[in-house]
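First up is the structure itself, then whatever we jot down about it.
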Amino acid sequence: MKKILITIISALVVIIFMAGMFYIFFGNQLFSRSELDIPDKPNDKIISMFNAQIEQEVEDHTRSITYPGYIPESRQNTIEYLKTISSIESSTRYGVQSTQPRNQLELKITFNDGTVAKEVYTGHSCSGYLSPCLVMKVEMKEGKATKIFTNGQEKKGSPEWIIPDLDILIGKAILYDIKRNHDKYFKPQKTQQDFDNEWKDKK
């Protein structure tokens, strides 16, 4: 009888221990999703702000001395690329209230042809230890925002406070295309043959 009791107690200890470990590593990730992770609240006042930031981002990344190296065609190529986007939606890997480390803010870019780029890296993270992040869904047409939905977090501060959030959406969406189509924005990268010719012509 004692052996059976010891076996049962040992099994319970193992189960409790495993449950605790599961919660530590996965619990926050699985159960931290909430209504704040759904950008379903329309805010038309952000539309003009977003479109103004589009103009600024295009200017900064194609003509500003802060970002040198862009070819003259890069401005129009950026504008044409933005026209192919149907929507941009931000989300976090584990939820805006999650305290998991590396809770990255990611983008989902949907294009007019139906293709979707998921989990586009932004380099920004969100922590539930602070206030929940602002997440948005921006519907676009001809390179401009037409509708914007949020999780309502923008109302917790001044309108100007969300400008960095708008810049992230626009800037990282543009960077996604730059990484795929380098030569539309910069001079073609040099090849080994280019290096060989340079050394050959060196006097």
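The values are calculated or read from the model by the stated rules, or taken from the named source; none is laboratory data. This one's a predicted model, so the numbers in the text were calculated from it and none came from an experiment. Positions of Cβ are backbone-derived with ideal geometry, glycine not excepted, and every protein chain shown enters the neighbour counts. Ligands, DNA and RNA are excluded from the accessible area calculation, which covers all protein heavy atoms including side chains. Shrake-Rupley method; radii C 1.70, N 1.55, O 1.52, S 1.80 Å.
Report, by residue number, each residue of region 83-123 that is open to solvent by less than 80 Å² (accessible area, probe 1.4 Å), over 15 Å from residue 174 (Cα atoms) and touching a helix residue (DSSP H, G or I) at 6+ places or on another chain (Cβ under 8 Å).
Initially, region 83-123 is screened for residues open to solvent by less than 80 Å² (accessible area, probe 1.4 Å), giving 83-92, 94-96, 98-101, 103-107, 109-111, 114-117, 120, 122-123.
Narrowing the set further to residues that are over 15 Å from residue 174 (Cα atoms) leaves 91-92, 94-96, 98-101, 103-105, 114-115.
Across region 83-123, the qualifying residues are 91, 92, 94, 95, 96, 98, 99, 100, 105.
Looking only at region 134-183, how many residues end up being among the aromatic types (Phe, Trp, Tyr) and touching an Asp or Glu at 6+ places or on another chain (Cβ under 9 Å)? I'd like the intermediate steps shown before the answer.
If we filter region 134-183 for residues that are among the aromatic types (Phe, Trp, Tyr), which is where we start, we get 149, 161, 176.
In the following step, the residues that additionally are touching an Asp or Glu at 6+ places or on another chain (Cβ under 9 Å) were identified as 149, 161.
Qualifying residue count, region 134-183: 2.
Would you mind finding the one in 40, 44 that is modelled with pLDDT of 75 or more, of a type outside the set (A, V, I, L, M), open to solvent by 60 Å² or more (accessible area, probe 1.4 Å) and more than 18 Å from the chain's Cα centre (by Cα)? Spell out the reasoning first.
Working: 40 fails: more than 18 Å from the chain's Cα centre (by Cα).
Being modelled with pLDDT of 75 or more, of a type outside the set (A, V, I, L, M), open to solvent by 60 Å² or more (accessible area, probe 1.4 Å) and more than 18 Å from the chain's Cα centre (by Cα) holds for just one of 40, 44, which is 44.
Output the number of residues of region 139-196 satisfying the condition of being open to solvent by less than 70 Å² (accessible area, probe 1.4 Å) and either among the aliphatic types (A, V, I, L, M) or more than 30 Å from residue 80 (Cβ to Cβ) (or both).
Total meeting the criteria: 18.
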